[in-house]
Every structure is written in structure tokens, then in C-alpha cells.
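Undergrad: What follows is a structure written as C-alpha cells; I'll ask about it next.
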Amino acid sequence: MNRIKEVMVVDDDPTLLFLTQKFIEITGMVQTVLTITDGKLAFENILARHSTNNTLPEIIFLDINMQDWDGWRTLEELKLAGLLNQLCIYIFTSSANRADKETAKRFLPEENYIEKPISLEVLRAIFESYHNA
Amino acid sequence: MNDPLLHPLEGIETLRVLIDNSPIAVYLANMEGHILLANQAASQMLGFSKEELLQKNVIDLDITYQNHQELIAIWNQMDFDKPNMVYGRHLCKNKVILDVEIHISKVHISGTIYLMGNVRDISERREWERRITRSEYLLNEAQRLAKIGYWDFDLVSNQLTWSDEVYKITQQNKGSFEPSYERFLTLVYPEDRAKLDSAFKNAIESKLPYFILHRLLLPDGNIKQVEERAEIYFDENGNAIRALGTVQDVTESIVIKEKLSSTYEMLSKLMAQVPGVVYQYRLYPDGRSCFPIASEGMYDIYEHHPHELVEDASMVFNRLHPDDKDRVSKEIYESAEKQTLFHSVFKVILPTKGLRWCKCDARPELLSDGSTLWYGIITDITERVDEHDRLFLSEERYRIVANNTYNWEFWEDEEGKLLYVSPSCVTLTGFTAEEFIQNPQLMSDIILTEDSGIYANHRHHVKVHPHSEKVEFRIRNKSGQLKYIKHLCQPAYDSKGAFRGIRGTNLDVTEAVENLQRIENLLKVEEAQNQRLRNFTHIVSHNLRSHSANMEGLLKLLKIESPDVFDHPYLKMMLKSSENLNETITHLNQVLDISLVNKEEWAPLQLLAAVKSVVDSVSTLAKEATLTITVAIDATIYIHAIPAYIDSIVLNMLTNAIKFCENSRDSYLHIKAVIEPGWLLLIFEDNGIGIDLQKHKEKIFGMYKIIHPRADSKGLGLFMTLNQVEAMGGKIDVFSEENIGTTFIIKLPYEQN
């Protein structure tokens with residue numbers, strides 16, 4: 001089975017970043033995990049790589065509630081930059097707000113909305129479906 | 001008479017003796033006019049003694065002559081060979097002037113010429129002459145004025161004689177027209193000729209005077225109406241010899257008569273139309289009085305006919321109410337004395353109608369005999385008086401009500417002038433009712449400038465639309481306090497539908513407005529607090545969830561990396577607690593969601609389809625539990641609801657029924673929909689294990705209340721269902737009996753269309 005080359009995790013909570021990175025590594029289905037602590041930094045990273053024709057992360061886990069740019073802002077900017085359709089992004093949130101789930105639909109398929117805590121089963125399913133797609 | 005033998009004096013003396021005894025007044029004068037002799041008769045006639053007469057000259061006696069020369073000149077012209085007669089006017093001693101006829105003769109005495117006058121008093125004859133002349137003149141004048149002429153027809157000689165006036169009436173020339181019976185007939189209007197001829201002939205036959213009215217057709221084409229009266233005279237043998245008659249031009253009088261009669265008729269009709277009586281009342285100086293003329297309305301007023309009062313008005317006074325009799329008499333005399341307009345209101349007592357009120361107005365006119373004649377009108381004002389009484393009474397009642405009302409009542413007349421302001425305005429404005437009435441601007445003045453537009457618009461609106469909305473504005477009262485006024489007004493109409501101005505009320509709503517403002521402020525504060533609370537809840541739930549998720553993740557990671565550690569029961573418990581915490585937080589978020597429904601989430605949905613899709617989703621579970629689910633919902637029922645809630649509610653009902661099946665019997669769940677006015681009843685009836693409602697009614701819908709402990713029961717289902725139903729404006733009823741079954745009735749607002 002081909003391993004996924006790169007997964008980007010965007011969250012301002014270091015514990016969660018650590019945990020997510022660990023769980024992804026445990027699956028053994030991903031080569032590199034890039035952790036970024038803010039939406040803006042994530043956007044700049046992606047934009048820079050895109051403009052230099054470098055490879056983009058294959059899967060991105062994006063938190064909603066962040067200090068500077070939140071998940072929505074990040075998605076909005078990516079959409080404006082015309083990058084949203086080239087990326088596989090999962091909203092990864094601790095919010096159980098129905099309103100947030102509805103907002104997410106404006107950017108992503110409904111199944112790309114994942115509630116924390118993360119589990120190995122969910123991660124594996126995601127990676128498998130990525131390969132099958 | 002020329003006797004040379006006589007001495008002049010002797011001759012005069014002889015003459016004196018001759019004339020002295022003559023009954024005719026005689027005097028003798030010389031050619032100078034000096035009177036030398038006068039007899040007794042002359043003395044008697046003129047009133048002077050003989051001696052006095054001898055002192056006089058003829059010129060002194062006769063006033064016909066201007067002076068002595070005139071007299072001498074006349075005498076010198078006389079031919080004394082013939083008898084001379086002159087008329088003179090002699091002045092008597094008592095200044096009476098006598099018309100005299102004087103026969104003068106010449107007397108020669110001793111060669112001297114004397115003149116002797118025989119004087120006759122002709123005053124009486126002159127008077128008659130004057131009278132005759134005058135009456136002739138008057139007769140002519142009378143004929144002319146009366147346009148009456150007379151004619152004399154000699155039937156023997158067939159000679160017709162006309163007076164001047166007949167010529168005038170017939171417009172014939174006296175010189176050229178010779179009247180005759182036949183010629184006269186040609187002047188008669190052709191149609192009337194036979195009538196006139198037969199009247200004349202009948203009169204001869206019947207020997208009776210006749211009277212006939214006929215027309216004349218005159219040469220200029222005009223037609224005249226004439227009245228002819230005539231009488232025939234007969235001789236001893238009964239032969240008609242003479243006819244005497246008069247002709248009178250009555251054209252004008254007929255026209256006037258016609259006019260008069262039509263005027264009189266019109267006047268009578270008019271008088272009959274006037275309500276009450278139109279009359280003429282005469283008060284004689286001796287106190288008698290009468291109604292010479294009165295319209296038929298007299299009966300309505302006094303129940304006496306006008307003809308009964310033509311000579312005596314006293315019956316009318318007997319009709320006057322005893323209280324008013326003296327006063328009315330006094331007023332009549334006062335009007336007569338001062339010749340001022342008579343105006344009086346009095347009561348009468350009538351045999352049929354009873355007590356009535358009358359009003360009388362009349363204008364007096366003083367007559368030459370000292371009588372006063374009034375022209376006037378009397379009307380029955382009983383109804384007006386009654387109405388006035390009633391009005392006064394109702395006004396009084398209204399006033400009592402209005403004066404004691406708490407509100408500020410007002411009434412404006414048609415021109416916007418305030419007629420009434422209730423005294424209570426002072427408690428609200430500090431200004432008295434009188435101040436408002438005296439100053440029409442006051443109302444506008446006390447209204448706050450910002451609100452003056454509201455009031456002005458409203459005033460304009462009321463005039464155009466009878467039913468206007470009430471308005472609210474603020475005033476500043478006398479002591480400077482701000483007051484909120486609710487102003488209500490509408491046009492007022494009297495019982496006859498006539499516009500009588502505007503009636504209105506000003507209510508003090510200051511307290512109500514201030515209370516409302518306080519409530520609004522409280523609501524704003526509460527809303528803000530709620531918002532903060534919601535934000536807080538979100539943050540808490542989010543952060544709690546993050547941390548609990550992290551904790552759970554860390555424990556799971558630990559379990560993966562060092563599974564041996566989990567042999568320790570504490571760690572197992574810690575992992576379980578962490579999982580529970582996570583789940584609790586998830587539920588908390590769901591509950592929180594219910595209170596944050598947006599309007600946009602409401603949608604119309606077909607109830608049957610909504611229920612069926614949920615039933616299908618649990619069909620496997622139902623089969624496992626051997627539960628038979630039936631759905632009896634009309635496909636035409638659509639409800640306006642939040643689809644996610646309906647799904648959730650139905651799912652919860654279904655899972656409950658599945659969970660709480662009584663396994664010892666064939667389980668069922670019947671789902672029905674019933675429509676009641678305003679409501680849709682969604683009924684879930686099962687034959688499951690049931691609930692002891694006596695025990696659990698209070699907590700059945702509570703959060704985390706688990707009535708039947710089972711592994712998959714979290715105590716959240718019914719709590720969520722109740723919240724969702726209530727969020728859509730509905731209610732839930734539950735009927736249950738242990739071991740028999742449970743029925744949930746979910747009532748949702750429903751509008752049938």
C-alpha cells in the first residue's frame with residue numbers, strides 16, 4: 001500500500017497537535033506530518049508552495065477555533081486564492097455546534113467534518129478513502 | 001229832472017225827502033265823488049250812519065277802483081242818456097265786502113250835475129254763481145277722475161248726448177263725432193254688442209234700471225272694460241221717452257282687482273303655510289282689542305277660529321296660562337306705549353292640546369284714533385322647549401359625568417372653538433379648563449416641539465377621516481413635567497346627523513409609557529445577559545471538550561504505546577471517565593443547540609414522508625425487537641416545522657418503543673396523526689412495559705432521568721424531545737400504565753389551508 005506523503009495538521013492546541021501527530025504515525029499510513037499552529041501560517045505555507053510549484057500536503061486537518069485566523073477564515077482565503085479545490089481538507093473540531101456543521105458545508109463535503117477526540121479508526125478510514133479516491 | 005226853478009240846496013233837500021223812504025239804498029254824489037246824500041236803506045246796508053256817509057267819497061266806499069282818477073275816468077265815459085249799470089264791491093263799516101249792482105243816473109240840480117246811485121246787494125247771488133261754477137267744475141273733475149261719463153238719450157227725438165268724459169272714454173273727438181245709439185254700438189267689442197243691445201231693450205220692456213259690464217274696441221285697437229248703468233224714463237202713457245246712463249272705465253280697476261285677488265289668494269296660501277298664526281291685532285284706546293285679520297293657524301295656536309276673534313280678542317286671553325296672563329298684557333301695553341317690537345314667550349292651556357309653549361313677535365303701528373295695530377306671528381315652540389329641556393337635562397347629565405371623569409375630556413365646535421373642557425385637565429396639565437377655553441393656542445403651545453407634527457397631522461386627518469387612529473404625544477405641563485398623552489377624538493354629530501364639532505379625550509399614559517420603557521430596558525439587559533451567557537456556554541463547552549478530548553486521546557495513546565500500564569484498574573477507570581466526560585459534553589452541546597434555532601431552519605414538510613423515512617431507518621432494529629410499527633398519516637398533511645427536530649422527535653419515540661418492548665407479547669407501535677383546530681396531534685401508541693406516571697410524571701422529561709435503567713439509556717431522549725417540541729411551539733402529553741403500554745401525544749401548531 002502506498003503511503004501518503006504528507007499530512008498537514010493545523011491547530012493552536014500543542015497537546016492536540018502532538019496527539020494527532022502521534023496517532024497519524026501509529027497508523028503507519030503517512031510519511032510526513034507537518035504541524036502548524038495557526039490558520040494564517042498554514043495558508044502562507046500552502047500559497048508559497050503552490051506558487052513555487054512545489055508539492056502540496058495531500059490531507060489537511062484544520063481546526064475551527066483558533067486565535068488569529070480561525071478555520072473559516074483560512075478556508076475563505078484558500079477559496080479566494082483558488083486553492084480550495086486542489087486540497088483535501090478535513091475540519092477537525094471540538095465544537096458540536098450544529099451551526100458550525102452547517103457552515104462547513106459551504107466549503108467541504110459533509111463527511112469531511114470530524115469531531116474530536118480523534119480515534120485511530122477514523123484516521124485509518126480517512127487515509128484508506130484517500131487512496132481509494 | 002232839469003228844474004231851473006229850484007235852488008240847488010232846495011232841490012237836494014227835495015230829493016232827500018223823495019229817496020229817504022225808498023227801500024232801495026240810494027246815494028247822491030257830485031262828479032268829484034263826494035257823497036251829498038244817502039238814504040236810510042244805504043245806511044243800513046253799509047253799516048255807516050247817514051252823517052258818516054256824507055263824509056265819504058265814492059272811492060272810499062267801493063274797492064273796485066284803484067284811485068280817484070280811475071273812478072272819474074269811468075264816469076266821464078258814461079253816456080248818462082241811457083241807464084248805466086255797474087258792478088261794484090262796497091266795503092261796509094264792519095269790513096264785510098258786499099257785491100253790489102249800481103244803477104247810476106245823472107241829476108241836474110240848479111245847473112250842476114250830480115250822480116245818483118241805486119245800490120243793490122248781490123252778494124248772495126254772486127255766491128251762488130260761484131258755487132255753481134265750482135260744482136260744475138267738480139262734476140267734470142269727478143267724471144274725469146272716476147273715468148265716468150254720462151249720457152242722455154232722448155228716445156222721442158232719437159237724440160243722444162254725451163258728456164265730455166264719454167268722448168274721452170270712447171276716444172272720440174267731440175267736434176267731429178256725433179253720437180247716436182248705432183254709432184255707439186260700433187264702438188262696442190263685437191262679441192258684446194248683442195248683450196248690450198238686449199240689456200237696453202230689456203230695460204225698456206221691464207222698466208227696470210240695468211247694469212252691464214262690457215268691452216269697447218277702440219279705434220287704436222285697445223280694449224277697454226266699461227261699466228254701464230242706465231235708467232229709462234216713461235211718460236204717463238208708459239212710453240219710453242228718455243234714457244239716462246253712466247259709462248265708467250273700469251279697465252284699470254279690473255286689472256287691479258285681479259291682481260289684488262291673486263295677491264290676496266297668494267297671501268292667504270302663504271299665511272296658511274307659515275307655522276303658527278300670522279295676524280293683525282288691534283288694541284283700542286279704551287282697552288278693547290281684536291284680531292281683524294288672522295290666518296287659519298289661529299286655531300292651532302289658540303283653538304279659536306279667526307272669525308271668532310275679528311271683533312273681540314278676549315277669548316284668546318282666557319287661553320293664556322295664569323302664570324303668564326298679566327305679564328303678556330303688560331308687555332302688550334308696553335309695546336303700544338313705546339311703539340317697540342313685541343316679543344314674548346308664554347304658555348297657553350288649550351282644551352284639546354293642553355299645555356303648549358308659544359312665541360310671539362309683532363311690529364306695532366300707531367293709528368290716528370290712538371289704537372295700536374300689530375302685525376305679527378305666533379308659533380308653537382313646545383317641541384323646541386321640550387327638546388331644550390331634554391337637551392339641558394342630558395347636557396347636565398353629561399356635564400356631571402364629564403366633570404367627574406378622570407380623563408381630560410373636550411368638545412370643540414364646528415369652527416374649532418372649545419365648548420367644553422373637563423376640569424380634570426388641571427391635574428394633567430396644571431392649566432384650568434377656563435385657561436384652555438380662553439386661549440385656543442394653549443393646547444398646541446404645551447405640546448413638545450418634536451411632537452407638534454404628530455398633533456397637527458392628526459388634526460388634519462380627523463377632519464377628512466371620521467374614524468382616526470388615536471395618537472400619542474408629549475406635553476410639558478405648567479410645572480415643567482413631561483407627560484405622555486394618548487389623544488382620541490372623532491367628529492361629533494347630533495341626533496339629526498349635523499356636524500357638531502369634535503369630541504375627544506386626552507388620557508394620561510405617562511405611567512404606562514414609563515413602565516413600558518422600564519420593561520424594554522429590562523428586556524435589553526436580559527437579552528444582553530443571555531447573549532453573554534450563550535457565548536460563555538459555548539466557550540466553556542468548546543474548551544471543556546478540547547481538554548477532555550485531549551485527555552481521552554492521551555490515554556488512548558498511552559494504551560497503544562504501553563498497553564501494560566492499563567492492567568492497573570485506576571487507569572481503566574480514568575479512560576472510562578474520560579469517555580463519559582466527552583459524551584456528556586457532546587450532549588450538552590446538543591441541548592444548547594435547541595435554543596439556538598434560526599427561522600431559516602423552518603420548512604414545510606410532508607409528515608407521512610418524514611415519519612416513514614425514520615421508520616425505515618430503524619426497521620432492522622424493530623425487526624430484531626419483534627416490534628410491529630404501523631403508520632396512519634394522511635399524505636395530504638404538511639406541517640411547517642424544523643425538519644431536523646421532527647426527525648429527532650420521531651426517532652426518539654421509535655427507539656424508546658423499541659427499547660421498552662414487552663417481550664412476552666406481540667409488540668406494536670401505532671403512529672397516527674389527528675387534526676384539531678389549530679393543532680396537529682402526532683400520536684405514538686405502544687403496548688410496551690409502560691411507565692408508572694404517578695411515580696415518575698415529574699421526572700419523565702427531565703435531563704438525565706433514567707426511569708428504566710438499561711445499558712443504552714442516557715436519560716436525554718425525552719428531555720431533548722420536549723425541548724424540540726417546545727421550540728416549535730408545541731406540547732407533549734403522555735398516558736401510560738405499567739405493563740400495558742404508553743401513548744405519547746405530540747401537539748404541534750398547525751394551520752390548515
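Just so it is clear, none of the values below were taken in a lab; they were calculated from the coordinates. Just so you know, these numbers come straight off a predicted model, no measurement behind them. As a convention, Cβ positions derive from the backbone with ideal geometry for all residues, glycine included, and neighbour counts pool all protein chains shown.
Undergrad: Rounding to the nearest 10 and keeping the result within 0 to 90°, find how far the Cα-based axis of helix B:190-206 lies from the longest principal axis of chain B.
TA: Value to nearest ten degrees: 50.
Undergrad: How long are the semi-axes of the equivalent ellipsoid of chain B, taking √(5λ) for every eigenvalue λ of the Cα gyration tensor, in whole Å from largest down?
TA: 145, 38, 25
Undergrad: A further question on this structure: Taking amide H atoms as placed 1.01 Å from N in the peptide plane, list the residues 5 or more away in sequence, or in a different chain, whose amide H sits under 5 Å from that of residue B:37.
TA: B:28
Undergrad: In whole angstrom, how long is each semi-axis of the equivalent ellipsoid of the stretch B:515-593, when you take the square root of 5 times every eigenvalue of its Cα gyration tensor and sort them from largest down?
TA: The answer is 43, 10, 8 Å, longest axis first.
Undergrad: Treating the protein assembly as shown as a set of equal point scatterers at the Cα positions, no solvent, please give the Debye-formula log₁₀ I(q)/I(0) at q = 0.07 Å⁻¹.
TA: Here log10 of I(q) over I(0) equals -0.97.
Undergrad: About its Cα centre, how strong a charge dipole does chain B have in debye, to the nearest 20, once Lys and Arg get +1 and Asp and Glu get -1 at the Cβ?
TA: Roughly 2280 debye for chain B.
Undergrad: What number, in nm² with one decimal, is the all-direction average of the projected area of the convex hull of the alpha-carbon atoms of the stretch B:598-749?
TA: For the stretch B:598-749, the mean projected area of the Cα convex hull comes to 8.9 nm².
Undergrad: May I ask for the angle, rounded to the nearest 10°, between helix B:510-561 and the longest principal axis of chain B, with both axes built from Cα atoms and the value confined to 0 to 90°?
TA: 20
Undergrad: How far is helix B:382-403 tilted off the main Cα axis of chain B, in degrees rounded to 10, range 0 to 90?
TA: 30
Undergrad: In whole Å, what is the distance between the alpha-carbon centres of the stretch A:61-133 and the stretch B:326-355?
TA: Result: 111 Å between the Cα centres.
Undergrad: Still on this model: Under 27 Å between alpha carbons, and skipping anything fewer than 8 positions from residue B:325 in its own chain: which lysines qualify?
TA: B:338, B:347, B:353, B:359
Undergrad: What list of ³J(HN,Hα) values in whole Hz, one per residue of the stretch B:624-630 in order, does the Karplus curve 6.51 cos²θ - 1.76 cosθ + 1.60 (θ = phi - 60°) give from phi, with Gly and Pro shown as x?
TA: 4, 8, 6, 9, 9, 10, 10
Undergrad: Follow-up question, since we're still on this one. Over its Cα atoms, what ratio of radius of gyration to 2.2 N^0.38 Å does the stretch A:4-132 give?
TA: 0.97
Undergrad: Another question, if that's okay. From Cα coordinates alone, what are the radius of gyration and Dmax values for the stretch B:8-121 in angstrom?
TA: Every Cα atom of the stretch B:8-121 included, Rg and Dmax give 13.1, 37 Å.
Undergrad: Which entries of B:168/B:207; B:623/B:659; B:612/B:697; B:612/B:695; A:22/A:79; B:147/B:201 show an alpha-carbon separation above 22 angstrom in the structure shown?
TA: Where the Cα-Cα span goes over 22 Å, the pairs concerned are B:168/B:207; B:612/B:697; B:612/B:695; A:22/A:79; B:147/B:201.
Undergrad: Moving on to the next point. If you look at just the Cα atoms of the stretch B:453-520, how large are its Rg and its Dmax in Å?
TA: 14.7, 48
Undergrad: Here's another thing I want to ask about it. DSSP loop (so not H, G, I, E, B), at most 10 other Cβ within 10 Å: list which GluC sites (Glu not before Pro) in the stretch B:396-447 pass both filters.
TA: Sites meeting the loop and neighbour criteria: B:415.
Undergrad: If you don't mind, there's one more thing I want to ask. I'd like the Kirkwood hydrodynamic radius of the stretch B:274-380, using the inverse of the mean 1/r over distinct C-alpha pairs, in Å.
TA: Roughly 13.6 Å, rounded to one decimal.
Undergrad: If you don't mind, there's one more thing I want to ask. For the stretch B:387-508, what ratio Rg/Rh do Cα atoms give with a Kirkwood hydrodynamic radius?
TA: Rounded to two decimals, Rg over Rh is 0.97.
Undergrad: Still on this structure: So what is the calculated 222 nm ellipticity per residue for chain B, using -39500 (n - 2.57) for each DSSP H run with n of 4 or more, over all residues, to the nearest 500 deg cm²/dmol?
TA: -13500 deg cm²/dmol
Undergrad: Ordered by residue, what ³J(HN,Hα) values in Hz, to whole numbers, does the stretch B:439-451 give under the Karplus form 6.51 cos²θ - 1.76 cosθ + 1.60, where θ = phi - 60° and Gly and Pro are x?
TA: Couplings: 10, x, 7, 3, 4, 5, 5, 7, 6, 4, 3, 4, 9 Hz.
Undergrad: Normalised radius of gyration for the stretch B:136-255, please: alpha carbon Rg relative to 2.2 N^0.38 Å, two decimal places.
TA: 1.04
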